[in-house]
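To start, the structure under review is shown below, and the notes come after it.
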Amino acid sequence: MTQDRKDGPIAKLREHALSAEVWENRHESGASHNVTFSRAYRDSEGKWQSTTSFGERDLLPLQHLAGRAHDAIRERKIELRQGVRPKENRTRSRGRDHDR
């Protein structure tokens, strides 16, 4: 049986306008991890919005962000094997931060 997620992702990663959130789902047999990706942009009124659609210029930064998400999951699996409690919402940014 899957336990409910706590408050949010175990890690939040940024790469310029791109974001990744790493989620952990605990099961009787251990834990599994999923990642959601998004891109921030300003709409015609200047308000920050989010999309899961990526342009060709986003692909290489997205690839780098996926690698960082993979590293975060690998680190978390090591912590789980060692019995370490998760660090609350790790946030790691690269590039310019965006106000949302």
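The values are calculated or read from the model by the stated rules, or taken from the named source; none is laboratory data. Every value quoted in this text rests on a predicted model; they were computed, and no experiment measured them. Don't worry about glycine lacking a Cβ; one is built from the backbone with ideal geometry, like all the others, and counts go over all protein chains shown. The protein model used for the area step is the full one, side chains on, heavy atoms only, and it has no ligands, DNA or RNA in it. Shrake-Rupley method; radii C 1.70, N 1.55, O 1.52, S 1.80 Å.
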**OP:** Within the range 55-76, work out how many residues are of a type outside the set (Gly, Ala, Ser) and either touching a residue at least 24 places away in the same chain (Cβ under 8 Å) or touching a Phe, Trp or Tyr at 6+ places or on another chain (Cβ under 6 Å) (or both).
**Re:** 8
**OP:** Kindly establish whether residue 49 is within 29 Å of residue 84 (Cα to Cα) and open to solvent by 60 Å² or more (accessible area, probe 1.4 Å).
**Re:** no
Original post:
How about the range 33-46: which of its residues are open to solvent by 40 Å² or more (accessible area, probe 1.4 Å) and under 19 Å from residue 72 (Cα atoms)?
Top reply: 34, 35, 36, 37
**OP:** Scan the range 43-95 for residues that are at pLDDT below 95, more than 15 Å from residue 13 (Cα to Cα) and not in a loop (DSSP other than H, G, I, E, B) and report the count.
**Re:** 6
